[in-house]
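The values are calculated or read from the model by the stated rules, or taken from the named source; none is laboratory data. Computed from a predicted model, the values in this text were never measured in an experiment. Here Cβ is always computed from backbone atoms with ideal geometry, including for glycine, and neighbour counts include all displayed protein chains. These accessible areas exclude ligands, DNA and RNA; they are computed on the full protein's heavy atoms, side chains included. Shrake-Rupley method; radii C 1.70, N 1.55, O 1.52, S 1.80 Å.
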Amino acid sequence: MLDWSIITHYFPFLAKAAIITLEISVISLVLGLAFGLVSALFVLSTNPLLYWPARFYVWIVRSTPLLVQLFIIYFGLPQFGIDLNPFWAGVLGLALNTGAYNAETIRGGILAVAKGQGEAARSLGMSKALTMRRIILPQAMRLIIPPLGNNFIILIKDTSLVSTITLVELTLTAQRLIGSTYKPFEMYLMAAVLYAIMTTCAALLLRQVERRTTWGHA
Amino acid sequence: MAEEPMIRLHNLKKSFGKLEVLKGINLEVARSEVLVLIGPSGSGKSTLLRCVNNLESPTGGEVTVDGERINRTDLSARAFQKHINRVRTHMGMVFQHFNLFPHKTVLENLLEAPTQVLGRNRKEVMADALELLDKVGLKEKRDSYPVQLSGGQQQRVAIARALAMKPSVMLFDEVTSALDPELVGEVLRVMEGLAVEGMTMIVVTHEMGFAERVANRVVFMAEGLIVEEGVPKEIFSNPREERTKLFLADVLK
């Protein structure tokens, strides 16, 4: 049977830890978007000095596990004098990871915008950069938002992995409370519920953003 | 002495890989002239048009518009981009598939380039834009999005969008080919109005009636070369070349 007294007593602790998880998620999301956009533009560039580093970044991130990436940043980098605290090591790892996936999503969206759009803009004298910013990207956004939302939700869930580099977020808090209460089911259940609340809110929020890009479509 | 032509193509060549699409075109278009380009598909007429504003960069020859060389080869990549962006502001282009910006309203479509490229004052451009929309008969659609318009309406907006830059040349690339037959007339009427006002125009089209009525000169192309050119009456009723006769027999049938 569920021990409800445990749940009511410890829920506030876990809710507080969930706020840390939310912080990590939001900061990683913003950085990951920036990494993704820049890498996508680099990969689409004809300049090999931009193309190859971006391609390498996307490849290395997508072909290795996030857990190993986090270990390299947190446990490995101090060897080279780069000693990040768990919070920023976690944020950096997650942002780099989600950024690579975002890059592929954004690149696909840009390529899916009709070729005639760029031609029409260029024929009016718009520069390449202006065309990208004012004409292509806004249209790509419409295509990108749903899969990008997917990446965001994966990111929120992936934050649980930073518990392994001693960052006391939701999952690690639950583990520690199990150590003193011996109630793993209740603790992990609460953690799961809190993750579900966060991911569901993110999904609902994204649906609102999606609604704003209908441009006259029903 | 004859006036300097508005558009001058000298030995224009364009290849896509091994495929030579334009094999040395010499053509001049005078100020206020309406030149209609006809020919079978694959003859290179669209490519020719796209070489004028460098949407396709020629592989050889010279393109000159209003006395200025378009396909300059003496510039660095960066300087060429600046040059081409500037010269394009004087040339309007209208496409087969309209290519209106779907995320912008009709009015915003017209305001985009004059404000963003020329840096003109939004209020001032707005007055011009509304006048242009009135001219193409779509003032009441100013706040609609392109998807809410018919093809004919979209194409008229696309013409107005190009005109908002106050170009001295207009290029029309099969602008009625994607339209339902009953919508073709409204677009052609707008183009006819422009011709009457003295706009220099190159029109690639399959609308022979339009060519006969509006063109000052008709050019027939086949396989990357100009086969025959002349006033519409001459070309349509008394073509000299066998290929022109065959083509016209096919399309006028």
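Buried between A and B is an accessible area of approximately 2100 Å², summed over both sides with a 1.4 Å probe. Take every Cα pair under 8 Å whose residues are at least 6 apart in sequence, average their separation, divide by the length of the range B:1-136, and the relative contact order is 20 percent. Packing order of peptides B:13-19, A:65-71, highest average first: A:65-71, B:13-19 (average count of other Cβ atoms within 10 Å over each peptide's residues).
Helix A:137-158 and the long axis of chain A differ in direction by around 20°, with both axes built from C-alpha atoms. Taking every residue in B:102-109 and counting other chain Cβ atoms within 10 Å of its Cβ, the average works out to 4.
The relative contact order of chain A, computed from alpha carbon pairs under 8 Å that lie at least 6 residues apart in sequence, is 28 percent. According to the square roots a ≥ b ≥ c of the eigenvalues of the Cα gyration tensor, what is the shape class of chain B, taking rounded for a/c under 1.5, prolate for a/b larger than b/c otherwise, and oblate for the remainder? Judged from the Cα gyration tensor, chain B comes out oblate (a/c at least 1.5, b/c at or above a/b). Applying 0.36 nm per residue to the separation of A:THR46 and A:GLN175 and subtracting their alpha-carbon distance, the gain on full extension is 41.5 nm. Both the radius of gyration and Dmax for chain A are 20.7, 71 Å, in that order, over alpha-carbon atoms. Residue by residue along A:108-118, Cβ atoms of other protein chains within 10 Å of the local Cβ number 2 on average. Net charge of the neighbourhood of B:GLY193, taken over other residues with C-beta under 15 Å away and scored Lys/Arg +1, Asp/Glu -1, is -1. Distance from the alpha carbon centroid of the range B:132-170 to that of the range B:12-36 works out to 28 angstrom.
Most tightly packed first, judged by the mean number of other beta-carbon atoms within 10 Å of their residues, the peptides A:154-162, A:197-205, B:179-187 read A:154-162, B:179-187, A:197-205.
Per residue, the average separation of C-alpha pairs within less than 8 Å and at least 6 apart gives chain B a relative contact order of 26 percent.
Look at the Cα gyration tensor of the range B:96-136: its axes a ≥ b ≥ c give a/c of at least 1.5 with a/b at or below b/c, and that counts as oblate. Mind pulling the angle between the C-alpha long axis of helix A:184-211 and the longest principal axis of chain A? Nearest 10 degrees, somewhere in 0 to 90. Once rounded, the angle reads 20 degrees. Residue separation of B:GLU3 and B:SER150 scaled by 0.36 nm, minus their Cα-Cα distance, works out to 48.8 nm of gained length. Largest accessible area first, the residues B:VAL117, A:VAL91 order themselves as B:VAL117, A:VAL91 under a 1.4 Å probe with ligands, DNA and RNA left out. For chain A, the share of accessible area belonging to carbon and sulfur comes to 70 percent (1.4 Å probe, ligands and nucleic acids excluded).
Sites listed here are trypsin sites (Lys or Arg not before Pro) in the range A:1-83 whose DSSP assignment is loop and whose Cβ has at most 16 other Cβ atoms within 10 Å, and the list is empty. With a ≥ b ≥ c the root eigenvalues of the C-alpha gyration tensor of the protein assembly as shown, is it rounded (a/c under 1.5), prolate (a/b larger than b/c) or oblate? Prolate. Pairs exceeding a 27 Å alpha-carbon distance, out of B:LYS13/B:LYS253; B:LYS45/B:LYS245; A:LYS115/B:LYS233; A:LYS157/B:LYS104; A:LYS16/A:LYS157; A:LYS128/B:LYS135: B:LYS13/B:LYS253; A:LYS115/B:LYS233; A:LYS157/B:LYS104; A:LYS128/B:LYS135. Averaging the Cα positions of each part gives two centres, and for the range B:180-253 and the range A:126-179 these lie 56 Å apart. Output the residues of the range B:63-91 meeting this criterion: accessible area (heavy atoms, 1.4 Å probe) in the chain alone minus accessible area with all protein chains in place is 30 Å² or greater. Residues meeting the cut-off: B:GLN81, B:ASN85, B:ARG88. Cα centroids of the range A:45-74 and the range B:92-130: 40 Å apart. Here chain B is assigned +1 on the Cβ of each Lys and Arg and -1 on the Cβ of each Asp and Glu. Its dipole about the Cα centre then comes out at about 720 debye.
Only the Cβ atoms of Lys and Arg (+1) and of Asp and Glu (-1) were treated as charged; on that basis the dipole of the range A:109-163 about its Cα centre amounts to roughly 220 debye.
Of the trypsin sites (Lys or Arg not before Pro) found in the range A:171-218, those that fall in a DSSP loop while having at most 16 other beta-carbon atoms within 10 Å are A:ARG212. Adding -39500 (n - 2.57) for every DSSP H run of four residues or longer, then dividing by how many residues the protein assembly as shown holds, sets the calculated 222 nm ellipticity at -18000 deg cm²/dmol.
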